[in-house]
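Values in this text are rule-based calculations from the coordinates and carry no lab data. Just so we're clear, the structure is a prediction, and the values are computed from it rather than from any experiment. Positions of Cβ are backbone-derived with ideal geometry, glycine not excepted, and every protein chain shown enters the neighbour counts.
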Amino acid sequence: AAGVIQSPRHLIKEKRETATLKCYPIPRHDTVYWYQQGPGQDPQFLISFYEKMQSDKGSIPDRFSAQQFSDYHSELNMSSLELGDSALYFCASSKGLAGAPTEAKNIQYFGAGTRLSVL
Amino acid sequence: QKEVEQDPGPLSVPEGAIVSLNCTYSNSAFQYFMWYRQYSRKGPELLMYTYSSGNKEDGRFTAQVDKSSKYISLFIRDSQPSDSATYLCAMTYGNNRLAFGKGNQVVVIP
């Protein structure tokens, strides 16, 4: 079965550079979530989108922005990178369509993540 | 204080033993309760989910939720070396965002 695809898998950037992470949800999933997992930490929710609109916002720095496109893929844009931004960035997707069973809306499936290293 | 508490201590068990993991939480608004398994450098993989108090079984895995005590557990029977991974409890709230515990690293020794 198709899973959540994230690219790139690894990314190395210098301080103050910008980075763009991409996420392709499971087919027919229209809700995308972004999480940041620092070394030895649990994943922290950043932001989510449903039908191309931002649906929720967590602890996402102002230097970061994200969007969801018409094909439901999402991109996380990170500017003025700092050393502390080095982390695993996960994307998850779920079915968020109105009328979908509540269970389906609540189940998030994760991609393999993008490992960002800021030097 | 984190809303989801999971003692992050590593756990080593011999093959065939029962693995017992648990989390406590403080937010009564949590709706769904999940357990994810995460192998090194990989994304979290959904193992089990439930939304009501009680037990739910799936093969060698049993998820237990006690909403009155705000306590959830995961039991792995007949543990295998392939079960060696980090196990994260997670709960949904608000617009379906997930709050995670810190995770338990489990090592099953052959």
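Summary of computed values
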{"item": "27 Å Cα-Cα threshold exceeded, pairs from B:LYS42/B:LYS67; A:LYS22/B:LYS67; A:LYS15/A:LYS52; A:LYS13/B:LYS2; B:LYS56/B:LYS102; A:LYS95/B:LYS42", "result": "B:LYS42/B:LYS67; A:LYS22/B:LYS67; A:LYS15/A:LYS52; A:LYS13/B:LYS2"}
{"item": "Least to most buried among A:MET78, A:MET53, B:MET48 (fewest other Cβ within 10 Å first)", "result": "A:MET53, B:MET48, A:MET78"}
{"item": "Residue-by-residue Karplus 3J(HN,Hα) for region B:56-70, coefficients 6.51, -1.76, 1.60, Hz, glycine and proline x", "result": "9, 10, 8, x, 7, 9, 10, 9, 10, 10, 10, 5, 5, 9, 6"}
